[in-house]
Amino acid sequence: MGSFILKTDVPNKVLNIELEGSFSQEDGLRSISAYQDTIAPINTKEYELNIDCKRLNVTAPEIVPLLEGCLQMFKKDEYKKVVLTLENNAILKMQLSRLGRSVGLDNLEIISTVTT
Amino acid sequence: MAGIRIVDIDIYHPTNRVGNDFYIEHFDARGVDIRGLLKALGRDTRYKIDNDDENSLSMAFEAASNLLEKTGLTGADIDLIAYASQTPEYIFPTNSLMIHRLINGAAHTICIDSNANCAGMTAAFEQVSRQMLGNPRIRRALIIGSDYVAPHASPDDPVYFANFGDAAAAVIVERDEQAVGFIDSIYQTDTCVYGNSLFPAQGLAKLGQTGVDAGAFHVKFIPFDDSICVGAASESIRTLLSRNEIGADEIKAACFSQLSIGNIRAVSENIGIGEDIAVYIGDEFGYTSTSSPFIALHRAITSGQIQRGDKVLFWTVGAGWQNVAMVVEY
């Protein structure tokens, strides 16, 4: 089961999202609904979006269409910048980079952390 | 009898384009004039990776994705993925398996990596075509060639440092009951310079035991006259064409190794092919090694030089050396 934590840092104008575990279609829909509730009172154009995926289980190929849908949503919300942090995963980084370009999310930065 | 025909091809190269001046200044500072070398090989610009995120695998993924989008096919439509590289990003698992994951390939898909150095993608195309002729269960194959030589080029070595460009090519071939497609191929091997391009110079076993310092993981290259393969290549191509009763005038595009414009002209002249038939993209792309004949094919198609049904001749040469030539009907 996937879990998510949404935290709005109003003074610094940053929306932080932590994703963890394995996301089913239902988990995805629940998190998108919670995301919509969280951004309702803020002007996303003034915000930076930081998404921590380090504990997200990305082994299932099905996660990619879900993430693509999210990237399209972030594009629509016009953040100043979107930063996505992955646990060392060069393959997923390649996929997301291409998806980001294909949906026109030009301000997407993907960080693939390396643990030793 | 079924044929193995080219469905389509696409390429990828980084956006950063570098002209000769950068390399001339680099080697001038070392007291080495490379102007003559660049002119002899036919260099002008090349595309170079200038960030930490790109490598041979990422370029291969981009070329393959471009191709799948263009053809409307998906990973599930591919029965075999063949990945040719002399600079694979990973030794294991195979890079073809990585591509399989990236494009969400089917469970039955065959994934194989191969390496015939600069002749790699041409050899992979030829081997896959022959495999498909013998195995009707493989209906469609994705063949990718990608090299990222720059990290392994010594900054003191003009040939490796100043001539190579970064790019990948991907081609889909399909078994078609109505098509001719792949016609025939020929190999010619001479090991007279087997020790002139060694990488890793110390061998993998020693590297695994002793490690390697940053910057020391370079190709050990002993310069030699690269035109030594021209005579043998010309002879083997003549054999290939004559045994298939194909006249030189039937070849509408010659997609040759882009290492040297001089070699392209010499082989073309020897086998009776005009300069306008031999495709040259090495001035723009630099030498992209394994993918270079297929980037030439991409140019021949996009420029309108060839149409469906035209015969295309490939020739390339791998380190050591090994000439590989084949003829296909596009």
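The values are calculated or read from the model by the stated rules, or taken from the named source; none is laboratory data. All values derive from a computational prediction rather than experimental measurement. Ideal geometry is used to build each Cβ from the backbone, glycine not excepted, and the neighbour counts take in all protein chains shown. We work out accessible area using only protein heavy atoms, side chains counted, and drop any ligands, DNA or RNA first. Shrake-Rupley method; radii C 1.70, N 1.55, O 1.52, S 1.80 Å.
As a test, work out the antiparallel percent of DSSP beta bridges whose residues both lie in the stretch B:1-142, rounded to the nearest 5.
Values: 3 of 11 bridges.
Counting only bridges with both partners in the stretch B:1-142, antiparallel ones make up about 25 percent.
Distance from the Cα centroid of the stretch B:16-95 to that of the stretch A:1-38 is 38 Å (rounded to whole angstrom).
Report the charge-dipole magnitude of the stretch B:1-126 in Debye, nearest 20, computed about the Cα centre from +1 at each Lys and Arg Cβ and -1 at each Asp and Glu Cβ. Don't jump to the answer; show the numbers that get you there.
Values: 10 positive and 18 negative charges, 67 e Å.
With Lys and Arg at +1 and Asp and Glu at -1, about 320 debye.
Quote the charge dipole size of the stretch B:184-283 about the Cα centre in Debye, to the nearest 20; the model charges only the Cβ of Lys and Arg (+1) and of Asp and Glu (-1). Could the numbers behind the result be given before it?
Working: 6 positive and 13 negative charges, 98 e Å.
About 480 debye.
For the peptides B:194-205, A:88-99, the ranking by packing is A:88-99, B:194-205, with the highest mean count of neighbouring Cβ atoms within 10 Å listed first.
Rolling a 1.4 Å probe across the protein heavy atoms gives the stretch B:162-297 an accessible surface of 43 Å² per residue.
Taking θ as phi - 60° and the Karplus parameters 6.51, -1.76 and 1.60, the scalar couplings of the stretch B:161-174 work out to 6, 9, 10, 7, x, 9, 5, 9, 10, 9, 9, 10, 10, 9 Hz in sequence order, x denoting glycine and proline.
To the nearest 10 Å², what's B:Cys111's accessible area with a 1.4 Å probe? Roughly 40 Å² of B:Cys111 is accessible to a 1.4 Å probe. Largest GNM mean-square fluctuation among B:His298, B:His26, B:His100, using chain B with Cα springs under 10 Å: B:His26. With the charge dipole of the protein assembly as shown set up from +1 on Lys and Arg Cβ and -1 on Asp and Glu Cβ about the Cα centre, the Cα lying farthest toward the positive end among the listed residues B:Trp321, B:Ile261, A:Met1 is that of A:Met1.
Figure legend: label point modelled 7 angstrom from the Cα of B:Asn104 along Cα→Cβ; residues of the stretch B:52-76 with amide N under 19 Å from it are B:61-76.
A cut-off of 5 Å between modelled amide H atoms, ignoring neighbours fewer than 5 places along the same chain, links B:Ala253 with B:Leu313.
For the protein assembly as shown, the antiparallel share of DSSP beta bridges with both residues in that region comes to about 55%. Dividing the helix sum by the residues of chain B, where each DSSP H run of 4 or more adds -39500 (n - 2.57), gives a mean residue ellipticity at 222 nm of -9500 deg cm²/dmol.
Cross-link partners among lysines for A:Lys54, C-alpha distance below 20 Å, same-chain residues fewer than 8 apart left out? Filter leaves A:Lys7, A:Lys81, A:Lys93.
Looking at chain B, what % of its DSSP beta bridges pair antiparallel, to the nearest 5? List each step's numbers first, then the result.
Numbers: 37 of 56 bridges.
Just about 65 percent of them are antiparallel.
Relative contact order of the stretch B:177-262: 34 percent, from C-alpha pairs under 8 Å at least 6 residues apart in sequence. For the stretch B:26-39, putting each phi into the Karplus relation 6.51 cos²θ - 1.76 cosθ + 1.60 with θ = phi - 60° gives couplings of 4, 7, 4, 5, 9, x, 10, 8, 9, 4, x, 4, 4, 5 Hz, in residue order, rounded to whole numbers and with x for Gly and Pro. Give me the Kirkwood hydrodynamic radius of the protein assembly as shown, using the inverse of the mean 1/r over all pairs of distinct Cα atoms, in Å to one decimal. With all distinct Cα pairs of the protein assembly as shown included, I get 23.7 Å. If you place +1 on the Cβ of every Lys and Arg and -1 on the Cβ of every Asp and Glu, how big does the dipole about the Cα centre of chain B come out, in debye to the nearest 20? Charge dipole of chain B: 600 debye, to the nearest 20.
In chain A, one over the average inverse separation of all distinct C-alpha pairs is 14.3 Å, which is the Kirkwood hydrodynamic radius. Each label point was placed 7 Å from the Cα along the Cα-to-Cβ direction; for B:Ile228 and B:Tyr187 their separation is 2.0 nm.
Looking at this model, which pairs from A:Lys75/B:Lys48; A:Lys45/A:Lys75; A:Lys13/A:Lys75 are more than 20 angstrom apart at the alpha-carbon? In this structure, A:Lys75/B:Lys48 lie more than 20 Å apart at Cα. Buried between B and A is an accessible area of approximately 1100 Å², summed over both sides with a 1.4 Å probe. At q = 0.21, 0.28 Å⁻¹, what is the base-10 log of I(q)/I(0) for the stretch B:6-46 according to the Debye formula with one equal point scatterer per Cα and no solvent? Please give it to two decimals. Evaluating at q = 0.21, 0.28 Å⁻¹ gives log10 I(q)/I(0) of -0.72, -0.96. Across chain A, C-alpha contacts under 8 Å between residues 6 or more apart give a mean separation that, scaled by the residue count, equals a relative contact order of 24 percent.
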